[in-house]
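Novice: Okay, here's the structure, questions in a sec.
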Amino acid sequence: MNLAKALASVGGLTLASRVLGLARDSLFARFVGAGFASDAFLIAFRLPNMFRALFAEGAFASAFIPMFNQKVTDKDGPGLPAGITFAEEALSVLLPVLIVMTVLLEVLAWPVTLLLSGGFNDVTHDQFAFAVMLSRLTIPYLALISLVSLLGGILNSLNKFWVNAAAPILLNLTLIVALLGFHSDDPLITARNQAIGVSVSGALQLLWLVLACRANGVSMRLRMPVWNVDVKQLLNLILPAAAGAGAVQINLVISTALAAYLLAHGSVTYIYMADRLNQLPLGLIGIGLGTVLLPTISRQLGAGQEAEAMETQNRGLELALLLTLPAAVALIVCGEPIAAALFGYGKFDAGDVARTAEALAAFSIGLPSYILVKVLTPGYYARQDTRTPVRYATISMVANLVGNLVLIVPLQHMGPPLATALASTLNVAMLYRTLVKRGHFTVDARLKRRGPRLALAAVAMGAALWFGQDLMMPYVHGTWLVRGLALAVLVSAGCAVYGIAAVATGAFTRADLALLRRRKRAA
């Protein structure tokens, strides 16, 4: 499979989803602003987001996809029917657990909200009750998105990456419709309608995946719970992977709770908006690469193609650096014009923009490491080693907690993002070192040559943007069209400088350009 082509398919749809997400966040900033109502909704939205990352992009996918692929590609087995049977057995155990979990969380919404928010900073009993209500409205999304992850894992294993990548678009479209059609002058009412929209979008995503599975010859039946060798092995793989992915999510929960409890109202919103901007390249590159690499490396290792698997991971790392380094530099250098263009109007004032840009710069320091985690962990999961990433994720979680406690008071809203960035960098260092030590990854000559050159090209682009961004500032406060054009000019200028610098430093050669032209003609 062509790695870049597959990444383009997944990344393109993920980009569409993230762009819609930015449109949603811009409308949210306009109608709700940065205050208690926005913080309360974002706390309620934290739990569904946590489970989406945990299941859809984390533990379940990393454990299920290699086993499903093994069933389908078994030369002595029936192929796809065996994989579907395995999926039905997994569903028979997963569905009852999700139902029980949803009921328990609805009952325990009060202490769960207290845990996620730290009780908020200076709120009344009625305000906290409102935050609990928002949590109850979003909790059904957890079960729905977990079922989506099961069906999406099947389609990813069948190389239908685009279907699952398109599902989050429905979340953003639903919330945009809720904002445009059901907003109010009262930010609390608008926040409540957003919470309802979250669960509605989960139902729409599940329907989309069910229809796509049937269109691709996958029709699953509900069974009584099955407890066999395959299900036990799946759970043995999921539990450590869930602990590892959960460690990352616990990092976010700790950061959010500390910000809600220790900092002024609006701080959770600044951190959330900055994270949303940081998530744009992460979603486009990191999740896309992780989605494509895991089934690809699993198949190659299953066929005994160790050299091919090593090549795939080297090219994945090269693609990550090619796309991530300039994104990180641009977000650090140009955070204020970007935040102003997207969020700086309505109830979101200039002070909110400046604080969001500061949080974004802190997050973006760790952007390469956030994505490299997605590139390196398939090297473990494809070999059905889910325990090692757990151990390292747990260590990084502890480092993040210490960093939060040390940095949140002196750096305020920049403290939690910076602690997260540093903890993620530690995680990457440990993952990389162990893969190399085991002989499962070796940096090839091509990557050794191009890596430093890509970094140099990104620095050159950053210098150009630093001196040029002031020219754009007068235009990022105008109409939607003017803002959009200003951002387009800023992005285009950055891409042009990066491209020229990449060619000048030798990071991107004439041979690469010739290959791209040949592929374009062949397409």
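A short reminder: the numbers here are calculations on the coordinates, not readings from a lab. Predicted model, so just to flag it, every value in this text is computed and none were measured. Quick reminder, even Gly has a Cβ in these numbers, built from the backbone with ideal geometry, and neighbours come from all protein chains shown.
Novice: Kindly state, to the nearest 0.05, the FRET efficiency for K232 paired with L104, given R0 = 30 Å and r defined as their beta-carbon distance.
Specialist: Using R0 = 30 Å, I get an efficiency of 0.80.
Novice: Right, next: Gap in Å between the Cα centre of segment 142-196 and the Cα centre of segment 348-382?
Specialist: Measuring centre to centre over Cα atoms gives 22 Å.
Novice: If packing is taken as the average count of other Cβ atoms within 10 Å, what order do 163-176, 393-406, 265-278 fall into, highest mean first?
Specialist: 265-278, 163-176, 393-406
Novice: Another question, if that's okay. Taking Cα atoms of segment 141-231, Rg/Rh with Kirkwood Rh, to two decimals?
Specialist: My calculation of the ratio gives 1.11.
Novice: Further question on the same structure: State, to one decimal in nm, how far the label point of D349 lies from the label point of S184, with both points 7 Å from Cα in the Cβ direction.
Specialist: Spacing of the two 7 Å Cα→Cβ label points: 2.4 nm.
Novice: Given L322, P368, T394, which one lies farthest toward the positive end of the charge dipole of segment 317-407, if we put +1 on the Cβ of every Lys and Arg and -1 on the Cβ of every Asp and Glu?
Specialist: T394
Novice: Can I ask one more? From the cross-link list K232/K374; K374/K448; K71/K374; K160/K232; K374/K437, which pairs have alpha carbons spaced over 30 Å apart?
Specialist: none
Novice: Cα extents of segment 376-448 along the three principal axes, largest first, in whole Å?
Specialist: 43, 29, 16
Novice: Can you give the log10 of the normalised intensity I(q)/I(0) at q = 0.08 Å⁻¹, computed with Debye over equal Cα scatterers of segment 367-523?
Specialist: -0.39
Novice: Let me check I've understood the local charge: for G344, count other residues with C-beta under 11 angstrom from its C-beta, Lys and Arg +1, Asp and Glu -1. What total comes out?
Specialist: Taking every other residue near G344 into account, the sum is 0.
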